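Below: the structure, in structure tokens.
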Amino acid sequence: MAARLNDPIYLKAREILPIEDGAGLEVKCLRGALWITQSGDHEDIIIDGGESFVLDRQGLSLVNALLEPALVVVHRRTTTLRSAA
């Protein structure tokens, strides 16, 4: 998975992208719809084009293109902290 960070990934309909130990990675759906399931989490997440989700669990996560192809980007989420002036 590390070699694919920040690169757009094309998933065919129903194709699965496995992500191992991805806590903190942001999954951004550029086109289509994605179904995300994380190991040990009883709630699945569905996001559409333009939406994103930050993985919050270690273990195996599966990102699945739903009924149509999808375009997805996975990257490390960067946060900027403002210093008090």
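Any read-out appearing in this document is the output of simple, stated calculations on the displayed coordinates, not a laboratory observation. Computed from a predicted structure; not experimentally measured. Neighbour counts run over all protein chains shown; Cβ positions are idealised from the backbone, glycine included.
Taken over the chain, the ratio of Cα radius of gyration to 2.2 N^0.38 Å equals 1.12. When the Cα positions of Val72, Ile19, Trp35 are compared along the charge dipole of the chain, Val72 comes out farthest toward the positive end, with charges on each C-beta of Lys, Arg, Asp and Glu. Backbone phi angles across the range 11-26, fed through the Karplus curve with coefficients 6.51, -1.76 and 1.60 (θ = phi - 60°), yield HN-Hα couplings of 10, 5, 3, 6, 6, 10, 10, x, 10, 9, 6, x, 3, x, 7, 9 Hz in residue order; Gly and Pro are listed as x.
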